[in-house]
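Worksheet: one structure, shown below.
The values are calculated or read from the model by the stated rules, or taken from the named source; none is laboratory data. Keep in mind it's a predicted model, so treat the numbers as computed, not measured. Using ideal geometry, Cβ is built from the backbone for each residue, glycine included, and neighbour counts are taken over all protein chains shown. All accessible areas refer to the heavy atoms of the entire protein, side chains included, with ligands and DNA or RNA removed. Shrake-Rupley method; radii C 1.70, N 1.55, O 1.52, S 1.80 Å.
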Amino acid sequence: SSVEGSYSPGEYDPSTLDTFGDEWHFMDYGYKPFPGITFMHGAQTALQRMVIREDIEPDDVERITVHLDEQGWDTLRNEEPEDPFAAIASPEFGLAVILRERDHHLDHFDADYVTAPETKAQMAKVERAVLDDDDFDMFGARVVVETTDGEEYVEEAHYSPLSVSEERLTEKFYQCAESVLDRSTAEAIDEAVAAVDDAEDLSAMLAHLRVE
């Protein structure tokens, strides 16, 4: 009648519950920077950094070659999705969204958006390649973009759902915050959160978050 017994068919080892209530693992978890299958996120992160840094527009791109681990490609089977559900496991779609919007949100999983000619045109530019490099784990990605004027850009990124660096957290915070706040306000909130353990009064920080 235990919790584990409810979810485990047959017999289970009761010793797995020895640390129950003593060890807490929720702080070990990361977050999904984009919707969709996790194996896509390294490639999406790499392309996002590249197009923002180099100011690359969709019409500038001739080809995108995505290098992922074989396990990733075994999971991401939908090269030409025709509906939002299939698009969840399509790096072609995920990269097309990044190329068009420079970000990816849940509302992009829309039937009209998935099948739009503009989206399909960008998906058609994506080519798949296997990443065979010990410096990457199964969530790593290398993205190579070839432009219409002959330039080539390479970006590498590593996303692990159980390991999020301070740099990655800060990067994501500013991406989200600056969609609704100016830079100075986002920086003020960042500084206030960093000092929250020593703060006696949170009113200054909360003032930045108040909806006018």
Cα-based Rg of the chain normalised by 2.2 N^0.38 Å, two decimals: 1.24
Rg followed by Dmax, in Å, when the stretch 112-212 is reduced to its Cα trace: 20.0, 57
Solvent-accessible area, 1.4 Å probe, carbon plus sulfur percent, for the chain: 50 percent
Within the chain, helix-based [θ] at 222 nm, where runs of 4 or more DSSP H residues each add -39,500 (n - 2.57), nearest 500: -10500 deg cm²/dmol
Accessible surface, the chain, averaged per residue in Å² (probe 1.4 Å): 62 Å²
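Roughly how many debye, to the nearest 20, is the charge dipole of the chain about its Cα centre, given +1 on each Lys and Arg Cβ, -1 on each Asp and Glu Cβ, and no other charges?
Details: 15 positive and 52 negative charges, 114 e Å.
For the chain, the charge dipole is close to 540 debye.
Between rounded, prolate and oblate, where does the stretch 68-175 land on the alpha carbon gyration tensor, with a ≥ b ≥ c its root eigenvalues, rounded for a/c under 1.5, else prolate if a/b exceeds b/c?
Values: a/c = 1.39, a/b = 1.28, b/c = 1.09.
It comes out rounded by the Cα gyration axes.
Arranged from highest to lowest average of other beta-carbon atoms within 10 Å per residue, in what order do the peptides 129-136, 45-52 appear? Don't skip to the answer; put the middle values down first.
Working: 129-136: 11.9, 45-52: 22.1.
Averaged packing, sorted descending, gives the order 45-52, 129-136.
Write down the percent of antiparallel bridges among all DSSP beta bridges whose residues are both part of the chain, to the nearest 5. Walk me through the numbers before you get to the answer.
On the way: 15 of 20 bridges.
Given both bridge residues lie in the chain, the antiparallel proportion sits at roughly 75 percent.
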